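First the structure, in the form of structure tokens, and then the observations on it.
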Amino acid sequence: MDSASMQPVLLFLQSLISGILVGGVYALIGIGLTIIFGVMRIINFAHGDIMMIGMYLTFNLFNLFGIDPFASVLICIPLMFLFGGLLQKLFVNRVLNALPQNQILLTIGLGLIMSNTVMLIYTSDYKILTTSYSSGSFKFMGISISEPLAISFIITAVITGLLYWFLMKTDMGQAIRATAQDRQAAQLMGIDVRRMSIISFGLGAALAGTAGALISPTYYIFPQIGSTFTLKAFVITVLGGMGSVIGATLGGILIGIAESLGAVYISSGWKEVLVYMIFLLVLLFKPSGLLGKSRV
Amino acid sequence: MAILELRHVSKFFGGLAANSDVSFALEEGMIKGLIGPNGAGKTTLFNCITGYYPTSRGEIFFKGNPITGLQPDRVCRLGMVRTWQKVRPLVKMSVLDNVMVGALCRTNSLSAAREIAMEQLRVVGLDPKSGFIAEGLPIGERKKLEMARVLATKPELLLLDEVMGGLNPAESEEIIQLILDIKQRGITQMVIEHDMKAIMRISDRIVVLNSGEKLAEGTPAEIVSNQEVVDAYLGESHA
Amino acid sequence: MSMISEALVILRSIKPAGLLVFLAVLISLAAFPLVVESPYAHHIMILIFLSVIMGQSWNILGGYTGQYSVGHAAYFGTGAYTTMMLMQYQQVPPWFGMFAGAATAIAMALIIGSICFRLRGPYFVLASIAAAEILRLSALNTKELTNGAEGILATDIPPLKIGSLVVTDFLTKVPFYYTALVFALLIIAVTCIVQHSKLGFYFQAIREDQDAAHSLGINLNLHKNLSLAISAAFTSLAGSFYAVYIGFIDPTTVLSMDMSVQIVLICIIGGIGTIMGPVVGSLVLVPLSEALRSNLITQGLISAGLVSEESPVGAFLKENLAHAHVLIYGILVVVVILYMPEGVLGFVRNMVRARERSNS
Ligand SMILES: Nc1ncnc2c1ncn2[C@@H]1O[C@H](COP(=O)(O)OP(=O)(O)O)[C@@H](O)[C@H]1O
Ligand SMILES: [Mg+2]
């Protein structure tokens, strides 16, 4: 429906809901980043690029084998987990004690390698993954809801639920949380922190890759898409408090809503400016995040 | 005249009162010992006095002027400077350059700063190592570097935070002599120290902090015979 | 008086051999366009100078003051846009435009600095990126002013005149060569002066330990902003030069995060916090990425008989390697961070030291 002709209340609700739906996927990206930060204290600048790899993976599974993008999540998760674990084992583990700026640069370098390798293989052309439901939508109390967004939101919710269960209820999840809380203490308690780091990076990559799979029916796919999402992931995690999984979930949804409302009420060109403004304001006035405790 | 005066200074971290209602004055030319069990709030008090933390309550006067809320660099330029319990050398710079950074507080000329710095390095006995990179110094020399660096800012009041921590007896003795030398030069000092013998020897007066509060104040002789102080310390060693 | 004695100290510390090498390099650089006529060679040299300007400007803030800005595209783009807009829309020659650009960049730096310098470590890095992104998106969205995503194309560059005397008309690459050379020497000289002054001591103290520096009487805000202002002004000069030389700018080239990253890399690869670092970084990066861009490497592999032109590998390389120069940046960074954390310069220095030690 043309948004200009809609009733103001409906318009608001519709953009709110689509913001929440998109925000769910953002939350996945943010949670991945925040887990990596929590455990390793490293900000992964390649996070968006890992998501981009997930997009291309899904694109290929669809084009070569006809696997539905949502079904491909099941393949994406283990493959991206391995990919992330490998990155950690080969590269990131070696700079855990290096200067923070060197850690940042290393992940920037890894991101450049990923995006440019993909560009070499697939060129920088925009690719579109068109499914039967890509532009489908259904009405719910007069509000039109995009089908792929709704499905991806449901999948996101399930994955987030599983993740909470994993982190809270399993031994390994507890070991990861202990490592995040105090690396040295965890080591003294006999936790293999290097292994936990590999698993955490794997998890982070799996979440980012899954987000890539989920958005591939609705977004253009191109090698350089990563950097915007890396930035978005930063915004989300800082908003929720670095290292907080619940914070990242809320942060993702909040950014989804801000973008969606910004696009309707300001303009789609300026919506990202709005997001970065919020980001700077939070950094300045509440650097521990909206949920975090203030430091002094 | 009191060179430094604290009136009802409090510092809260969330619900924790790291300093609460601390008041005392510091006479010019004296050495004041600041003691108390671990976590008593001694370092926090230094942080508040030098402007590194904003105080939650209370006022601080330096040479009769209010300095509450001033930034550390302003406080340093006014003539009060502190050392760090956990030493903070500028690791990638040479020993001489470290001290020159302090000296540049009072001059814009590098050659003048170099002279001041060399002089202070001689005072602490680090002059043979002036060309070394600070990163390579052992802990004893790092503490001396810290001392030379603050002396180079030409302070009137020095706040020393556990400058003998982690040193062997011979090194500690050198620092004690250094502190007494500095006193001879007319510089007022406030010294946090865990080594009771040392603090009793050098201090003119002592302030005791416990759980953020001032527990007692007096001459070394008064402090050792104060039952509350003895209890506080016994409490610590029994914990 | 003290200035003079300072200068004397610096002069005395220069060794005659070093001075001779420096003069020899200077003279050969000045004579280069007279001896070598190939415009392509001039082009490569110009790109190296440009890269030195960018790297050295960042070095002052990142290398000496320790503030890792990954948002320097903001200043590069500000220079490029100010100069280009003044030239295309107001007929202001770039010789004046670039100073307007530098002034605008300094103003921008003070605004961005007032926000970002309250933050430390990774938070500072993130804020610097966000600030640059806001600028890029703003340039994209203010089409009336910047022509948005379509960018600005330079139609013609007015000649440089003093009165009615035409100094140069910028029809060949030679005037660009000398302009870039002078800028590069200027920023190197500025860095030298800073390094041998109180300012340089204070910048480095801030880099090593902000709290310690603060307690020793250093006004953190003032000095960080000073460092950023110097850095931003020269970065914007590089941007202005780029705009006029290439003749086209758009937000995705001059204001992108890729540009910011590239500026940082010049320094990291060479070695940060040293005068020669950005020079070495430029000497490594520019020829390498140009060799890739112009397919020299593929040609070389083919003519060396290592791959055949008809084979799928050869065809693939020929087709794609030209786009791979950013890939090389990525690989270089990873290699440098893992194996030469002090940059190429530091790596070589350590090698030499190790050899000396084993010889003695
Ligand atoms: N920045 C801070 N944030 C929160 N708590 C702090 C901070 N600095 C000190 N504290 C707390 O304040 C108390 C006093 O610490 P400190 O001044 O370092 O003690 P002391 O130097 O006497 O050993 C301790 O309980 C410490 O944990
Ligand atoms: Mg202490």
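Points worth noting:
- For the stretch C:323-339, Karplus couplings with θ = phi - 60° (6.51, -1.76, 1.60), whole Hz, Gly/Pro x: 8, 8, 5, 6, 4, 4, 3, x, 4, 4, 4, 4, 4, 5, 5, 6, 10
- The mean number of partner chain beta-carbon atoms within 10 angstrom of a residue's beta-carbon across peptide C:207-213 is 6.
- By DSSP, the beta bridges lying fully in the protein assembly as shown are antiparallel in about 65 percent of cases.
- With a Förster radius of 41 Å applied to the C-beta separation of A:ARG94 and C:SER114, the computed FRET efficiency comes to 0.65.
- Taking the stretch B:1-27 and a reference point 7 angstrom along Cα→Cβ of B:GLU228, the backbone N atoms nearer than 14 Å belong to B:20-24.
- Between the stretch C:206-244 and the stretch B:185-200, the Cα center-to-center distance that results, in Å: 39
- Cβ charges +1 (Lys, Arg) and -1 (Asp, Glu), total dipole of the stretch A:116-224, debye: 120
- Centre-to-centre, using Cα atoms only, the stretch C:54-114 and the stretch A:63-116 are separated by 34 Å.
- Cross-link partners for A:LYS271 among the lysines, with Cα-Cα distance under 25 Å and sequence neighbours closer than 8 places in the same chain left out: A:LYS127, A:LYS232, A:LYS286, C:LYS143.
- Rounded to two decimals, the Cα-based Rg/Rh of the stretch C:36-257, with Kirkwood Rh, is 1.00.
- If the chain linking C:TRP95 and C:ILE246 were pulled fully straight, counting 0.36 nm for each residue of separation and taking away their Cα-Cα distance, it would gain 52.8 nm.
- Modelled label reach - A:GLN187, point 7 Å along Cα→Cβ, the stretch A:21-39 residues with backbone N closer than 20 Å: A:36-39
- Each principal axis of the Cα atoms in the stretch C:1-137 has its own extent, and those three values, largest first, are 47, 41, 31 angstrom.
- Listed residues A:LEU162, A:LEU96, A:LEU203, most fluctuating in chain A (Gaussian network, C-alpha, under 10 Å): A:LEU162
- Per-residue mean of C-beta atoms belonging to partner chains within 10 Å, peptide A:93-100: 2
- With a Förster radius of 51 Å applied to the beta-carbon distance between C:GLU144 and C:LEU19, the computed FRET efficiency rounds to 0.45.
- Between A:THR170 and A:THR123, full extension at 0.36 nm per residue minus the direct alpha carbon distance yields a gain of 12.6 nm.
- Given +1 at the Cβ of Lys and Arg, -1 at the Cβ of Asp and Glu and no other charges, the dipole of chain B around its Cα centre is 760 debye to the nearest 20.
- Net length gained if the chain between C:ALA31 and C:ASN320 were fully extended (0.36 nm per residue, minus Cα distance): 100.4 nm
- 16 Å cut-off, amide nitrogen to a point 7 angstrom out along B:MET1 Cα→Cβ, residues in the stretch B:145-163: B:156-157
- Taking the square roots of 5 times each eigenvalue of the Cα gyration tensor of the protein assembly as shown, largest first, gives ellipsoid semi-axes of 50, 39, 26 Å.
- The distance from the alpha carbon centre of the stretch C:254-271 to that of the stretch B:129-147 is 35 Å, rounded to a whole number.
- For peptides C:22-32, C:186-196, sequence by mean Cβ density within 10 Å, most packed first: C:186-196, C:22-32
- Estimated from the Cβ-Cβ distance and a Förster radius of 35 angstrom, the FRET efficiency linking B:GLU173 and B:GLU115 is about 0.75.
- Peptide-level mean, for C:333-341, of C-beta atoms on other protein chains within 10 Å: 6
- Lysines with Cα under 25 Å of C:LYS198, excluding same-chain neighbours fewer than 8 positions away: B:LYS92, B:LYS129, B:LYS143, B:LYS144, B:LYS154, C:LYS15, C:LYS224
- Relative packing of peptides B:101-109, B:40-48 - highest average C-beta neighbours within 10 Å first: B:40-48, B:101-109
- For the listed peptides B:202-209, C:269-276, C:49-56, B:27-34, a ranking on the average number of other beta carbons within 10 Å per residue, highest first, reads C:49-56, C:269-276, B:202-209, B:27-34.
- Rg/Rh for the stretch B:153-229, where both radii come from Cα atoms and Rh is the Kirkwood radius: 0.97
- Solvent-accessible surface (1.4 angstrom probe) belonging to A:ASP125, in square angstrom, nearest 10: 90
- Sulfur and carbon atoms: percent of accessible area, the stretch A:8-291 [1.4 Å]: 69
- Rounded percent of accessible protein surface that carbon and sulfur make up, the stretch C:211-332, 1.4 Å probe: 68
The values are calculated or read from the model by the stated rules, or taken from the named source; none is laboratory data. Since the model is a prediction, treat every value here as computed from it, not as a measurement. When we count neighbours, we look across all protein chains shown, and the Cβ atoms used for this are built from the backbone with ideal geometry, even at glycine. What goes into the accessible areas is simple: the full protein's heavy atoms, side chains included, and nothing from ligands, DNA or RNA. Shrake-Rupley method; radii C 1.70, N 1.55, O 1.52, S 1.80 Å.
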